[in-house]
There are 2 protein chains.
Amino acid sequence: MELLEILECSPPLTREPLDAEQAAGVARVFKALGDPVRLRILSIVASRAGGEVCVCDITDAFELSQPTISHHLKVLKEVGLLTSERRASWVYYRLVPETLGELSALLTLPTSRPADGPASLTATAAAVSR
Amino acid sequence: MELLEILECSPPLTREPLDAEQAAGVARVFKALGDPVRLRILSIVASRAGGEVCVCDITDAFELSQPTISHHLKVLKEVGLLTSERRASWVYYRLVPETLGELSALLTLPTSRPADGPASLTATAAAVSR
DNA sequence: CACCTATTTCGATGGATGTCTATCCGAAGG
DNA sequence: CCTTCGGATAGACATCCATCGAAATAGGTG
C-alpha cells in the first residue's frame, strides 16, 4: 500500500475520525517527522532554491556521523517525503511536495466560519497542562 | 519553553531551514502524532461536533487498556494538542485548534505559482502563520 | 466515614530507535 | 586493475516507548 495513497484518502483530522489503517499509514509519516535531525534535514532540502541537495552538504550541516545522516535520509525517503537521484559520484535528494501538501491538508482546521465545521469551537487555549 | 510559541516562531519548512531549537520543539509535537492510536484519538476529539469527548468514550473505541489510553491522552496534552477538564466524575478532552493550525502552516507548500520551484525564496512573504 | 466509579500514576517488560564504528558498493581516474 | 572518494549497509549498544497489571487519587453517594 502506497503511503501517498493513504494520505490522499485520509480526511482532515477535524472532519472525521481516521480508521485504523489510515492512522497506521499517517503515523508512519509523522513518526518520520518526529526527530529533530530529520526535521532539519527536511527543511534544508525543502527550502533549497534549486530544489535538490547533495548528501555531502547535509552531512556538513550536522555534527553527526555520515551513516547517521544516511539513515535519516533513508527514513525520509521511505515515507515518501524525499526522493534521491545519483549523478556521477554524488547523490542528490529533493522534496516530494505532494506528500508534504497532503500532510498539511490533514491538519487543516475547518474553514474558519464560526458556525461551520463539526469541530468549530470557542478556543479555550488558556488551560495549560502539567 | 512553551511549545506553541516555538511553533508560532518556526517558519514553514519550505521557506528556510529550522534551527536546532525550533526543530527540537517541533519534533516533540510530530512525535506525538507519530503513533496510530494517538492519531485516532486526536481525530476523534477533533472531529467531535460538541468539541469535547469523555475519556470513557475514547477508551471504548479501542481494544487497549484504560491506562494505555490515559497515557496517550497525556502525551497529546503535554505537547499542547489537547486540553482536559474534569467535571464531576468524568474528564473531558478537547482540541487546541491553534496548535493544529500552526502545524499545518509549518508544512504548507509555497503559494503554487507554477513558474517557481517548491523552494522559491522570493515568494516567501506570502505564507504567514497567523 | 465507607464504598463505588472514573481516571491517573507506578513499575515492569519487550520491542523499536538513534547513534556509532567498521565494512561494503559504485563511480571516476590513473 | 587499483585507488580514492561519496554514500549505503551491517552490526552493536544504549536509550526510549507502547503496553500491561496493580495501586493510588478524586468525586459522588450512601
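How many residues, within region A:2-14, are more than 7 Å from every other protein chain (Cβ to nearest Cβ) and in contact with a Ser or Thr (Cβ under 7 Å, 6 or more places away or on another chain)? Spell out how you get there, then give the answer.
Initial filter on region A:2-14 (more than 7 Å from every other protein chain (Cβ to nearest Cβ)): A:2-12.
If we keep only those that are in contact with a Ser or Thr (Cβ under 7 Å, 6 or more places away or on another chain) too, we end up with A:4, A:7, A:12.
Within region A:2-14, residues that are more than 7 Å from every other protein chain (Cβ to nearest Cβ) and in contact with a Ser or Thr (Cβ under 7 Å, 6 or more places away or on another chain) number 3.
Within region A:50-72, residues that are within 21 Å of A:LEU33 (Cβ to Cβ) sit with their Cβ atoms under 8 Å from residues that are more than 6 Å from DNA strand D (Cβ to nearest atom) and modelled with pLDDT under 95, at 6+ positions apart or across chains, in these pairs: A:GLY51/B:GLY117; A:GLY51/B:PRO118; A:GLY51/B:ALA119. Considering only residues that are in contact (Cβ under 8 Å) with a residue 40 or more places away in the chain and among the charged types (D, E, K, R), which ones fall in region A:73-111? Across region A:73-111, the qualifying residues are A:GLU78, A:ARG94, A:GLU98, A:GLU102.
Considering every residue within region A:15-35, establish whether at least one is under 16 Å from B:ASP19 (Cβ atoms) and either among the β-branched types (Val, Ile, Thr) or within 8 Å of chain B (Cβ to nearest Cβ) (or both).
Here is the first cut: in region A:15-35, the residues under 16 Å from B:ASP19 (Cβ atoms) are A:35.
Among the residues that remain, those that are also either among the β-branched types (Val, Ile, Thr) or within 8 Å of chain B (Cβ to nearest Cβ) (or both) are: A:35.
Yes, region A:15-35 contains a residue that is under 16 Å from B:ASP19 (Cβ atoms) and either among the β-branched types (Val, Ile, Thr) or within 8 Å of chain B (Cβ to nearest Cβ) (or both).
Put simply, of A:GLU52, A:GLU63 the only residue that is of a type in the set (Asp, Glu), under 19 Å from A:GLY101 (Cβ atoms) and more than 7 Å from chain B (Cβ to nearest Cβ) is A:GLU52. Determine whether A:LEU42 is hydrophobic (A, V, I, L, M, F, W, C), within 10 Å of chain B (Cβ to nearest Cβ), closer than 28 Å to B:ILE41 by Cα and surrounded by 18 or more Cβ atoms within 10 Å (Cβ to Cβ). Yes.
In region B:79-98, how many are hydrophobic (A, V, I, L, M, F, W, C) and closer than 14 Å to B:VAL29 by Cβ? Let's see the steps before the verdict.
Restricting attention to region B:79-98, the residues satisfying the condition of being hydrophobic (A, V, I, L, M, F, W, C) are B:79, B:81-82, B:88, B:90-91, B:95-96.
Okay, now just the ones that are also closer than 14 Å to B:VAL29 by Cβ, so B:79, B:81-82, B:95-96.
Within region B:79-98, residues that are hydrophobic (A, V, I, L, M, F, W, C) and closer than 14 Å to B:VAL29 by Cβ number 5.
Scanning region A:22-57 for residues that are more than 18 Å from the chain's Cα centre (by Cα) and at pLDDT 95 or above yields A:CYS54, A:VAL55, A:CYS56, A:ASP57. For region A:100-130, which positions are at pLDDT 95 or above, among the hydroxyl-bearing types (Ser, Thr, Tyr) and part of a loop (DSSP other than H, G, I, E, B)? Residue satisfying the conditions is A:THR108 alone.
Look through region A:70-97, keep the residues that are β-branched (Val, Ile, Thr) and within 12 Å of another protein chain (Cβ to nearest Cβ), and return whichever of them is nearest to DNA strand D (Cβ to nearest atom).
Taking region A:70-97 and keeping what is β-branched (Val, Ile, Thr), we get A:75, A:79, A:83, A:91, A:96.
Filter again for within 12 Å of another protein chain (Cβ to nearest Cβ), leaving A:75, A:79, A:96.
Working: A:VAL75: 10, A:VAL79: 14, A:VAL96: 15 Å.
Per the stated criteria, the residue is A:VAL75.
The values are calculated or read from the model by the stated rules, or taken from the named source; none is laboratory data. Note that this is a predicted model, so its numbers are computed, not measured. Here Cβ is always computed from backbone atoms with ideal geometry, including for glycine, and neighbour counts include all displayed protein chains.
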